[in-house]
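Read the structure below first, then the notes.
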Amino acid sequence: MTLTGAELLIWLTIASLLGGGVNALVLSPINKNIEALSDAIKALTIDIEKSKEDRRYIDARLTRVEESTKSAHKRITEIKEECVECRN
């Protein structure tokens with residue numbers, strides 16, 4: 001079977017229309033979803049980095065509180081010992 005120029009043109013037109021339809025109906029929405037996911041990943045990356053900074057800040061504060069608590073317990077123990085000595 002040999003195609004004439006007109007038949008070839010018809011088949012190329014049909015193929016182009018089908019290709020455009022596939023692009024419009026399938027590939028375009030997929031690309032939009034990929035872009036949306038990419039944006040979401042970027043936002044999550046920023047949030048994770050902020051969370052890490054917050055956690056480092058909280059860790060530093062917790063360390064200071066623990067040190068202060070330890071110091072307070074030591075002072076309380078010293079005061080208790082002085083009270084015991086005063087009673088004797």
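Only the coordinates and a few stated rules stand behind these numbers; no lab work does. Please read these numbers as outputs of a predicted model, since none were measured by experiment. We place every Cβ from the backbone using ideal geometry, glycine too, and count neighbours over all the protein chains shown.
Numbers below:
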item: Cα-centred dipole magnitude for the chain, charges only on beta-carbon of K, R (+1) and D, E (-1), debye, nearest 20; result: 280
item: Qualifying lysines (Cα of each under 27 Å from Cα of Lys42; at least 8 residues distant if same chain); result: Lys32, Lys50, Lys52
item: Cross-link partners of Lys70 among lysines (Cα-Cα below 23 Å; sequence separation of 8 or more within a chain); result: Lys80
